[in-house]
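Student: Here you go, one structure.
The values are calculated or read from the model by the stated rules, or taken from the named source; none is laboratory data. Predicted model only: the values in this text are computed from it and were never measured. Virtual Cβ from ideal backbone geometry, glycine too; neighbours counted across all protein chains shown.
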Amino acid sequence: MDIFTEVKENVSMDSLVRHFNLKVNRQNFMICPFHNEDTASLKIYENSFYCFGCQRAGTVIDFTLYYLDMDILQATKYLAKVFNIAINEKLTIREKYIQDISKRKTSDKVFEKWIKNTWDTILTYYRILYHNSFTYDLENDLYVEAIHNLTKLDYYIDWLKEDPLEFYKLNRKWVKTIDRRVHSLNK
């Protein structure tokens, strides 16, 4: 029996919800931890769950991976450890495949998050500089910074649009520097 089946057969949704200290009402509904809501819309069944609000559903493994933001193998091993389920550490071919897929999904999520944060940082910095480019005051440090950097920012914005992966590979340090600069300007 593989680790996934072992965990699903030995961990109930009720014990998992208690482990996370979540409150379930008499009808087995609870406030969904995966989206904001005021009325309980997540239904707990014996071995599964379903949220009528955000439509998330699945087993104890799925609940754990959503709740703790893990991949499927991490969530399964976490449950095995917490609920004292002995597992064979040698991975089956299926488990290795799932682990590889999970790693790829995680790296894609990290990249997507970096791209979103990079856009926010660069556009915020651009707006700050653009606003200060009309002061025409050489004594104003932001005016001087705007004159020196707006053209470069236009170039970087185009580059980020055209080839985000190459931009990521070559400009991570620059983005961190700009992020620190934006934070210092917003204080």
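Student: Check whether at least one residue in segment 148-168 is outside the structural domain of Phe20 (by TED's automatic domain parsing), more than 30 Å from Val17 (Cα to Cα), of a type in the set (Ser, Thr, Tyr) and free of Cβ contacts under 8 Å to residues at least 24 places away in the same chain, and report yes or no. Don't jump to the end; show me each part of the working.
Tutor: Taking segment 148-168 and keeping what is outside the structural domain of Phe20 (by TED's automatic domain parsing), we get 148-168.
Still in the running and more than 30 Å from Val17 (Cα to Cα): 148-168.
From what's left, of a type in the set (Ser, Thr, Tyr): 151, 155-156, 168.
Remaining after also requiring free of Cβ contacts under 8 Å to residues at least 24 places away in the same chain: 151, 155.
Checking segment 148-168: at least one residue is outside the structural domain of Phe20 (by TED's automatic domain parsing), more than 30 Å from Val17 (Cα to Cα), of a type in the set (Ser, Thr, Tyr) and free of Cβ contacts under 8 Å to residues at least 24 places away in the same chain.
Student: For segment 48-69, give me each residue that is of a type in the set (Phe, Trp, Tyr) and surrounded by fewer than 21 Cβ atoms within 10 Å (Cβ to Cβ).
Tutor: Those that are of a type in the set (Phe, Trp, Tyr) and surrounded by fewer than 21 Cβ atoms within 10 Å (Cβ to Cβ): Tyr50, Phe52, Tyr66, Tyr67.
Student: Can you find, within segment 92-130, the residue that is modelled with the highest pLDDT among those that are over 23 Å from Ile3 (Cβ atoms) and loosely packed, with under 12 Cβ neighbours inside 10 Å?
Tutor: Checked segment 92-130; the qualifying residue modelled with the highest pLDDT is Lys116.
Student: I would also like to ask the following. Which residues, taken from segment 133-149, are surrounded by 15 or more Cβ atoms within 10 Å (Cβ to Cβ) and either at pLDDT below 85 or under 16 Å from Leu123 (Cα atoms) (or both)?
Tutor: Ser133, Leu142, Glu145, Ala146, Asn149 - these are the residues of segment 133-149 that are surrounded by 15 or more Cβ atoms within 10 Å (Cβ to Cβ) and either at pLDDT below 85 or under 16 Å from Leu123 (Cα atoms) (or both).
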